[in-house]
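J.: This structure is in structure tokens; I'll ask about it shortly.
The values are calculated or read from the model by the stated rules, or taken from the named source; none is laboratory data. Here the structure is a predicted model, which is why all the values come from computation and not from measurement. Note that we place each Cβ from the backbone using ideal geometry, even for glycine, and neighbour counts take in every protein chain shown. Please note that ligands, DNA and RNA were not included when accessible areas were found on the heavy atoms of the full protein model with its side chains. Shrake-Rupley method; radii C 1.70, N 1.55, O 1.52, S 1.80 Å.
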Amino acid sequence: MSTEQEVGETPVGETPIIEIAGLSKHYGSVTAVDDVDLTIRRGEFFALLGPSGCGKTTLLRMLAGLELPTAGTIRIDGQDMSAVPANRRPVNMVFQSYAVFPHMTVRDNVAYGLKVDGVPRQEAYRRAEEALELVKLGGYGPRRPDQLSGGQRQRVALARALVKRPKVLLLDEPLSALDAKLREQMRFELVNLQESVGITFVVVTHDQDEALSMASRIAVMDHGRVQQTAPPAELYEFPRTKFVADFIGSVNLIEGTVEASDDGLVRLSAPALQVPVEIEQASGLPAGSTGWLALRPEKVDISREPPDDAGRNTVAGTVEEITYLGDVSIFHVRLTADQPLIKVTIANLDRVTRRPFTWGDRVHLSWAPTCGVVLAQ
Amino acid sequence: MATPIGPLDYTRRLWVRLTLLVVFVFLYAPIATLIAFSFNDSRRNIVWNGFTLKYYEKALGNEGLIEAFANSLTIAVLSTLVSIVLGALVAVLLWRFRFPGKAGYEGVVALPIVIPEICMGVAMLAFFSRIGWPSDMVWPFNLSAIIIAHVSFSFPFVAVVVRARLEGFNRELAEAAQDLGATEWQVFRDVMIPFLRPGLVAGGMLAFTLSLDDFVITFFTSGPNTVTFPVKVYSMVRFSVTPEVNAASTVLIVVTVVMTAAALWMQHRAGMKAEEAAG
């Protein structure tokens with residue numbers, strides 16, 4: 001940390017900055033993190049996404065050194081962190097409560113990490129002011145934290161962590177304490193900030209919109225395990241497990257039996273669907289096994305007449321419920337008695353008074369074989 | 001015609017007013033009398049003979065009394081400092097760590113608050129004579145037995161106050177400091193102590209006033225050369241209650257009230273700040 005960080009110099013590379021291998025954390029009989037292997041690349045904006053209690057915060061705290069792993073190793077920039085205490089790790093954290101020291105001015109808060117490292121006071125204050133300007137809080141140095149809004153306190157926490165020029169910045173639910181408007185604005189600001197400082201960001205969130213909109217790659221966690229690690233679009237279009245499909249966005253999950261699987265085409269028959277459907281998919285499932293069709297509601301077309309294109313999967317049903325959400329409407333369509341309804345999202349291109357279908361209408365649902373995936377688990 | 005008395009107009013009811021008045025008189029009439037008669041120009045405390053300050057002069061000229069007052073202040077200051085350190089350490093220990101028998105330990109620490117003073121006094125007397133604690137050391141070490149006794153009953157008050165304040169501590173503050181490179185000692189000095197300061201001050205003031213006016217336990221642990229102010233006043237009263245005693249007591253009351261008010265004010269201010277931070 002002796003030279004000035006060249007702004008935007010570090011490219012998003014293939015070289016790993018964090019390598020996690022076989023990492024587990026047990027609290028008594030409770031397993032918080034279960035045998036996690038994960039690689040985070042240099043300069044990446046990485047998100048750990050999952051429901052509360054999935055172990056994502058514990059994983060982040062182990063990266064910071066605030067929790068010790070029960071098993072496994074963490075390497076940061078090639079260096080094993082097992083014997084490195086929290087105050088000696090090349091990472092800094094933005095806490096969920098921001099943890100801005102209430103008895104110090106904004107400037108002293110930001111300069112604190114430099115002072116304990118032995119940086120002379122004047123130099124520390126100069127760099128603190130630079131960091132405050134970076135987060136658009138220039139001139140706020142003499143203020144006390146109780147004179148700041150929640151959003152400003154978060155910026156102080158950001159500046160305080162970034163001023164130490166860490167190799168990795170850890171953010172624990174950074175936007176959860178902000179109101180909705182500010183949250184959306186801060187998403188862009190965090191992404192811009194990450195691009196301008198070039199530091200690897202690892203953010204923990206339970207909010208899929210946040211993860212999808214900010215991160216370059218996302219690890220979805222559940223019950224202490226990483227379910228899938230992928231860029232946002234891949235996660236959304238090609239979920240690997242039912243949990244990921246269900247957790248990210250809205251999905252129709254239809255249980256069925258794989259009839260055939262060859263030439264990149266999976267044929268699935270399901271009680272909820274009148275006819276077998278075909279899905280283009282590289283990874284085949286063995287014939288006869290149980291499979292779940294994960295079908296996004298916005299990828300399904302709804303029409304009064306069956307579509308001409310014979311290549312499309314087509315089923316028929318009755319509109320049972322309509323949910324109006326302003327920008328879109330969700331049609332819940334009954335295909336077969338005693339089976340779950342199928343959700344179809346239609347953009348409200350026209351005024352809602354001109355709604356094309358209404359309750360009780362007979363409709364046809366169709367989707368291309370390239371839409372949806374069949375999942376084994 | 002007067003408006004009817006509303007459900008919340010307590011103070012418009014005659015019997016409520018009477019109760020308030022009686023309680024107030026009960027609490028403060030003796031003290032008011034004590035203070036008033038310290039200005040009485042008479043050898044006895046029975047009849048008002050006119051205003052004078054001569055008993056304050058006399059009290060200030062009484063070397064035995066002044067020495068006792070100096071002893072009391074020394075004991076109070078030293079036992080308060082030790083109590084703050086010991087009480088804060090116990091509180092942080094109980095807050096920070098988990099260990100077998102912690103609940104029991106926590107209860108035992110608070111026990112001196114409820115143990116009757118007379119028992120503590122007898123126990124201290126027995127303890128010091130059993131181990132043969134020397135009583136003929138030079139000042140201020142001749143006060144050490146009393147100081148130790150005072151610490152033993154006043155540090156639990158500090159521990160309780162500090163422990164209560166720690167409940168409101170955001171652990172992420174300590175973790176943030178650690179994350180920024182602070183060692184455990186730096187975290188304690190730069191984050192914990194500033195947060196605990198109002199509790200330390202309030203607990204310290206409590207310990208100070210408790211020590212300053214303690215009679216029972218001091219009586220059992222003091223020797224002929226280590227007379228404290230309350231013990232001295234007691235010995236003066238055995239001959240006769242003169243206005244000089246009143247004057248000396250008034251000074252002690254003023255010192256105690258000022259200290260307590262300051263302690264309450266510190267706590268109030270800390271409470272307001274905590275509320276602001278939460279809101």
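J.: Take the eigenvalues of the Cα gyration tensor for chain A, scale each by 5, and report the square roots as semi-axes in whole Å, largest first.
T.: That gives 47, 25, 17 Å for the three semi-axes.
J.: Over segment A:251-375, what percent of the accessible surface lies on carbon and sulfur atoms, probe 1.4 Å?
T.: Answer for segment A:251-375 is 50 percent, counting heavy atoms of protein chains only.
J.: Considering only protein heavy atoms, what per residue accessible area in square angstrom results for segment B:29-96 with a 1.4 angstrom probe?
T.: For segment B:29-96, the solvent-accessible area averages 56 Å² per residue.
J.: Kindly provide the helix-only [θ] at 222 nm of chain A, computed as the sum of -39,500 (n - 2.57) over DSSP H runs of four or more divided by all residues, to the nearest 500 deg cm²/dmol?
T.: -6500 deg cm²/dmol
J.: What's the longest piece of chain A with no exposed trypsin sites (Lys or Arg not before Pro), counting a site as exposed if DSSP puts it in a loop and it has at most 11 other beta carbons within 10 Å?
T.: The longest such stretch corresponds to A:1-303.
J.: Averaging the inverse of every distinct alpha carbon separation and then flipping it gives the Kirkwood radius. What is it for segment B:76-200, in angstrom units?
T.: Computed over Cα pairs of segment B:76-200, the Kirkwood hydrodynamic radius comes out at 16.4 Å.
J.: Probe radius 1.4 Å, ligands and nucleic acids ignored: give me the carbon and sulfur share of the accessible area of segment B:63-278 as a rounded percent.
T.: Carbon and sulfur together cover 70 percent of it.
J.: Answer rounded, prolate or oblate for chain B, using the Cα gyration tensor with square roots of eigenvalues a ≥ b ≥ c: rounded when a/c is under 1.5, else prolate when a/b is larger than b/c, else oblate.
T.: Here chain B falls in the oblate category.
J.: Turning to a different aspect of this structure: Give me the residues in segment B:173-193 whose solvent-accessible area, probe 1.4 Å, is reduced by at least 40 Å² once all protein chains are included instead of the chain isolated.
T.: Buried by 40 Å² or more upon assembly, which counts only protein chains, are B:L173, B:E175, B:A176, B:Q178, B:D179, B:L180, B:G181, B:D190.
J.: While we're here: Under a 1.4 Å probe, what is the accessible area of segment A:16-243 per residue, stated in Å²?
T.: 39
J.: What's the carbon and sulfur percent of segment A:62-142's accessible surface, probe 1.4 angstrom, rounded to a whole number?
T.: With neighbouring chains kept in place, the figure for segment A:62-142 is 50 percent.
J.: Only counting protein heavy atoms at a 1.4 Å probe, give the residues of segment A:96-129, ordered by number, whose accessible area falls by 30 Å² or more when the other protein chains are present relative to the chain alone.
T.: With the partner chains in place, segment A:96-129 has these residues losing at least 30 Å²: A:S97, A:A99, A:F101, A:H103, A:Y112, A:V116.
J.: Which aspartates and glutamates have a Cα lying under 12 Å from the Cα of B:K54, excluding residues fewer than 8 positions away in the same chain?
T.: The qualifying aspartates and glutamates are B:D41, B:E244.
J.: Using a probe radius of 1.4 Å on heavy atoms only, what accessible surface per residue do you get for segment B:133-279? Whole Å² is fine.
T.: Ligands and nucleic acids excluded, the result is 47 Å² per residue.
J.: Over segment A:251-375, what is the relative contact order in percent, taking alpha-carbon pairs closer than 8 angstrom and at least six residues apart?
T.: 30
J.: Summed for both chains, how many Å² of accessible area, to the nearest 100, are buried between A and B with a 1.4 Å probe?
T.: Between A and B, the summed buried area is about 1800 Å².
J.: Pairwise over distinct Cα atoms, reciprocal of the mean inverse distance: report the Kirkwood radius of the protein assembly as shown in Å, one decimal place.
T.: 31.6
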